[in-house]
Every structure is written in C-alpha cells, then in structure tokens.
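Worksheet for the structure shown next.
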Amino acid sequence: MCGCCCRRLLFHCCWTLAVCLSVWMDSAHGIGVQLIPQNPVVNQSVTLSVTGVTVTIRQFSWYKGSSVDTNNQIFNVIPQTNSVTHGRQYFSRASHFPNGSLQISGLVPTDQGNYTVLIQTIETSAQHTVLLTVYEPVTSSVISTNNKEPQENGKVTLTCSTNNAEKILWSKNGVSLPPGLSLSADNKTLTFSSVSRSDTGQYRCEASNAVSKTISDPYTLTVNYGPENLRIKGGTQQVTSGNPISLECSADSVPAPTYLWKLNWTVLEFQNNKLNIQQATSENAGNYTCIVTNSVTKLSQEISIYVTVNENDPNNNPIGTGHIVGIAIAIILVLALVTALIFLLGIRRHHSSSKKDTKSTENGHTSAQGIEMDEAALQYSSIDFSAQRGLQRNEHVVPPPDNTVYAEVRHK
Ligand SMILES: *[C@@H]1O[C@H](CO)[C@@H](O)[C@H](O)[C@H]1NC(C)=O
Ligand SMILES: *[C@@H]1O[C@H](CO)[C@@H](O)[C@H](O)[C@H]1NC(C)=O
C-alpha cells in the first residue's frame, strides 16, 4: 500500500520535473499546435495538430486548460504500444493520432477553451497551449423598430436582432450608412434622435463572425410628413357655361393623403385629388376648396380657388363684355335714329325759312303759322330727346350738327 503510494508520488515528482523541463525546452524546440479547420464550428470536428516535432514521440498528454495539471488531463498516449490512459477530463468525442494530435468531434460550445499538449521525445519534452474557439453560425438577422409609423422629428431606433455575431454592419439603400447616425457600442442599434424625411430608405444589417454571415431582409423606414405645399393644378378659374371644370389638387405628403372637395362649404362627391364637371352651369360657380388630410400625421390643410361660370356666348366672350357691347350698340342705333330725325326736321325748317324770306309779302300769315307749327314740333322732339338721353340742353332750339350731338352722348 505504502509502496504503491510512494511509487505514485515518485512518478508524480518525475512527471512534474519533466513538465518543468519541458517548459524550459519549449522555446528551444518550438513545437506548436495548429487548428484544422482554423475556425472550428459547433457540431463539426477539429484537429489540434501538433507541429514542429522532428523526432519520434515516446509519449504525449493532452490537458484541458493552460497548465499541465493531472486534474486537467484528457489522456496520456504511448504511440509505440498504442496504450492510452484516460485522465479526469477525458470525454468520448476526444481521440488521438500517433503524431500527437488531438481530434474533437461533434463540437459543443463548452469545448471552447485552452488545451495544452505535452510531448516527450527520446531527446526531450515540450509543451504548448492553444486556445480553441468554437464558433456558432450567426443566426439570421432581423431588423425591428420602436416606431412603426414615425413622423418627422420623432425618435426612431432600428435594432438588428442576431446571435453569435462578432461584427454588425448597417447599410442604407445598398450602400454604407451616411455619416452622423448614432450606433450603439455593439452596433446592434441604430438611433435617429430626430428622424427626417431624408432618412427614408431601405436598411439592412449584416451580422458576421469568422464562420458565417447573414444579411437581414431590408427594413423600409418611411418617415411620415405633411400635407404641405398644397396646390391646385389646371385651375381654369373662368369657365363658359357648357364647358368642363377640371381641377387637380396636390400636396407633399407621406403617406398619400385623402382628398375632400367642397363648393362653398358643401361637400362634393369627388374623393380623389381630381374634380371634373363635364358641363358647367352657373350652379357650379363658386369657391372650390380642396381639403387634404394625412392619416398618419392627422394633419389637414386646405386650398381654395374661385371658379366663375360665364353664360353661353357664341363668340365665347365673357358675359359682362357681351352685355356692355350690346347695350352700347342699342344706344348708338337709337341715337342715330333720333339724330337723323332731328336733322331731317332741321332741313325742313331751313327750307321753310327760305320760302318765308322770298314769299313773306305774298303769303306771310300762312308762312308764320307754318313756322309756329314747326317750332312746336321741334321743341317737342328736343324735349323728348333730352328725356330719353338725359341731356340738359333744351335751350338749343336748333340742334347742333349731327356729329356734335353724337360726340356728347358718347362722352356721357
Ligand atoms: C497528424 O495526423 C492527423 C491525422 O492523420 C492529420 O490530420 C494531421 O495533419 C497530422 N499532423 C501533422 C502535423 O502532420
Ligand atoms: C487561455 O489562456 C490564456 C493564456 O494563458 C488566458 O489569458 C485565457 O483567459 C485562457 N482562455 C480560456 C477560455 O480559458
């Protein structure tokens, strides 16, 4: 019993001595461990391949951890006899090759850590520690947001949800992010403290590590604003009766706004941005108002336009001018008629005066009577003319020349 203990103690001492020696020899002999593959992935295998061994290996041991400690031993192998001693850290997925290498199959995340190999050759012994990193593929990346219907100047965060990523990159519309955006330390969260319409676009996040990369589906950030900059296009503000009225209202707005039309505060049936009346009548005249509403911002704006409907006119003249011309023509005709009458009476009177001058001695009474009658008729005409035209020139018993009267009336 005691002998056994002593033997084990001795063995332990010798082994520890060898380890101390090996640490000293390590740099001299320069053994190394290479991971195959370089970036091992969970569920797959890795070989911790010992390099730099130039002479025959007498025995080797693998340890889980960075020290050569019996408690950490996975196994000890003597290649010549193919004898294997399992240590405390032995596990069935671990296997060895005669050249000193360790293979771990079916990697699990907890396999990650430091591994140390101790190699004994005929000449000397050496050890080397290597860090095994077990990679897990990055899970698919998904962008989520705190604000599904952001309005301009609101706060928006986009979060890239993914696991096992070592690096996260963002892109907007297929190119790297414009400057001035704020990313969290782990790059998972993109923050717009005051979002603007120019931030609208398609965002993606790309999550990667040494063994895999995933790109998220695009997330379309739509910044809602408006309505603003209202305008009415093609606004024919003067329409002749029977012709169409066609108005088109538009505004800058995201999302597309709803439209409501009113004529003098009466709601019309048109529900899009276009108003069309095939044949306008005087009832269609009035103040047209287009009311634009954004369902997200809950803002409304309105714009008005006054539409005049003129009565039908063959010359397509506006109604006012047509009436004025008609009235003017009627006045001129009446005036011409009256003037012609006065002129004719004037000629008659002149003829009578001439006869009186030459034949007064002969038939004075009759002539005088004729003049009185003429003058009475002339005065009546003059009064009638003044009443009709509103002239205050009754004192002119004899009318002025034709063109003078006409000019006076025209100037009136
Ligand atoms: C040791 O043997 C294994 C299995 O044959 C091989 O994959 C590995 O490359 C070898 N290592 C060296 C350094 O030759
Ligand atoms: C591996 O060993 C190095 C150096 O001894 C140490 O800094 C590191 O923390 C160890 N890593 C693990 C996962 O044990």
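Pick out the one residue from Ser141, Ser125 that is touching a Lys or Arg at 6+ places or on another chain (Cβ under 9 Å) and at pLDDT below 95.
Testing whether each residue is touching a Lys or Arg at 6+ places or on another chain (Cβ under 9 Å) and at pLDDT below 95 leaves just Ser125.
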Within region 28-49, the residues that are at pLDDT below 95 and within 16 Å of ligand 2 (Cβ to nearest atom) are none
| Does Val68 satisfy the condition of being under 11 Å from Gly100 (Cβ atoms), out of contact with any Pro (no Cβ under 7 Å at 6 or more places or on another chain) and not in a strand (DSSP E or B)? | no
Restricted to region 43-61 and to residues being more than 14 Å from Gln127 (Cα to Cα) and of a type in the set (Ser, Thr, Tyr), the residue nearest to ligand 1 (Cβ to nearest atom) is Thr47
Scanning region 103-129 residue by residue, those β-branched (Val, Ile, Thr), surrounded by fewer than 17 Cβ atoms within 10 Å (Cβ to Cβ) and under 18 Å from Gln89 (Cβ atoms) turn out to be Val108, Thr110, Thr129
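Looking at this structure, is Thr240 without any contact (Cβ under 8 Å) to a residue 60 or more places away in the chain, surrounded by fewer than 19 Cβ atoms within 10 Å (Cβ to Cβ) and out of contact with any helix residue (DSSP H, G or I) (no Cβ under 7 Å at 6 or more places or on another chain)?
The answer is no for Thr240.
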Going through (1) hydroxyl-bearing (Ser, Thr, Tyr); (2) within 27 Å of the chain's Cα centre (by Cα); (3) not assigned by TED's automatic domain parsing to the domain that holds Glu302 one by one, Ser250 fails only at (3)
How many residues of region 108-151 are under 59 Å from the mean Cα position of the chain (by Cα) and either away from ligand 1 (no atom under 16 Å from the Cβ) or of a type in the set (Asp, Glu) (or both)? The answer is 29
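Of a type in the set (Val, Ile, Thr) and either surrounded by fewer than 17 Cβ atoms within 10 Å (Cβ to Cβ) or closer than 16 Å to Val292 by Cβ (or both): is that true of Ile245 in this structure?
no
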Within region 62-107, residues in contact with a Leu (Cβ under 6 Å, 6 or more places away or on another chain) and either modelled with pLDDT under 95 or away from ligand 1 (no atom under 16 Å from the Cβ) (or both) come out as Val68
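The values are calculated or read from the model by the stated rules, or taken from the named source; none is laboratory data. From a predicted model like this one, the values you see are computed outputs, not experimental measurements. Please note: Cβ atoms are built from the backbone with ideal geometry, for glycine as well, and neighbour counts cover all protein chains shown.
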